[in-house]
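Please read the structure below before turning to the comments.
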Amino acid sequence: MKVGTEQEWHAARKQLLAAERELETHAERVAEQRRELPWVPVENDYRFTTEDGTKSLPELFEGRSQLLIYHLMFGENWEVACPGCSSLADGLSGTVAHLNDRDLTLVCMSHAPLEKLSAYKAPRGWTVPWVSAHESDFLFDYGFAFRREEMSGIVREEFDMGALLREAPQWLRDYREQVGAPDLESAVSVSAGWSVFAMRDGAVYNTYRVYPHSRLITPLFSGMLDLLPSK
């Protein structure tokens, strides 16, 4: 902690402002690179269970041209959803209408069956649509769920799943208990993240995906924490 005068604060703030503007410029360059990623056509006919019945991926767009999915971690045999994902979801409902106005549909998606999602959602007052991919290969194909027989060989930027399961760190054992997963493999069977899809002339494309290694997973929460003197 550094204590100073108001004048000293303004002088230091002026120096920081230059760095913040540089960061903003860099962030915009990165955002432009993100927008320039190639669009990958979605060729499979994925089906999801929703409160309004079974829907295809194009139907999740609800007539809009863009679809943003938050992959909320809730394994098929967990008792409850991920606490961290739940805290993020608490703030999503208020954004739905504003995103819809920008030609964007927002949904949450999990691997647990719809009845588990509905029972968990109701007391929390969430209004953001929450769909189940329990009967679909969608989450496996896009890297947000993992089959037990494949786990030992999965290595990604943020973790080596085989090593993680062998070492079984305390935080993982604690997490398994938090979500009520029957074993460690079940506790790491799903991943959080965001995926983005666009529709053009009736065809659906995947334009972006981000996984837990990135601060982009919790943009609003991380941004607020960055404003604080300590985290």
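A few remarks follow.
- Number of positions in the stretch 1-32 that are free of Cβ contacts under 8 Å to residues at least 12 places away in the same chain and either aliphatic (A, V, I, L, M) or in the same structural domain as residue 205 (by TED's automatic domain parsing) (or both): 11
- Test: residue in the stretch 157-164 that is in contact (Cβ under 8 Å) with a residue 24 or more places away in the chain, surrounded by 11 or more Cβ atoms within 10 Å (Cβ to Cβ) and in contact with a helix residue (DSSP H, G or I) (Cβ under 6 Å, 6 or more places away or on another chain): yes
- Flag for residue 196 being assigned by TED's automatic domain parsing to the domain that holds residue 110 and modelled with pLDDT under 90: no
- If you go through the stretch 118-140 and pick out every residue that is over 18 Å from residue 94 (Cβ atoms) and touching a helix residue (DSSP H, G or I) at 6+ places or on another chain (Cβ under 6 Å), you end up with 2.
- Only listed residue being of a type outside the set (Lys, Arg), in contact (Cβ under 8 Å) with a residue 24 or more places away in the chain and farther than 29 Å from residue 44 by Cα, chosen from 167, 185, 177, 79: 79
- Residue match in the stretch 92-103 (condition: within 20 Å of residue 51 (Cα to Cα) and either in a loop (DSSP other than H, G, I, E, B) or among the aromatic types (Phe, Trp, Tyr) (or both)): yes
The values are calculated or read from the model by the stated rules, or taken from the named source; none is laboratory data. None of these values were measured; they are calculated from a predicted model. Because the Cβ atoms are built from the backbone with ideal geometry, glycine has one as well, and the counts that use them run over all protein chains shown.
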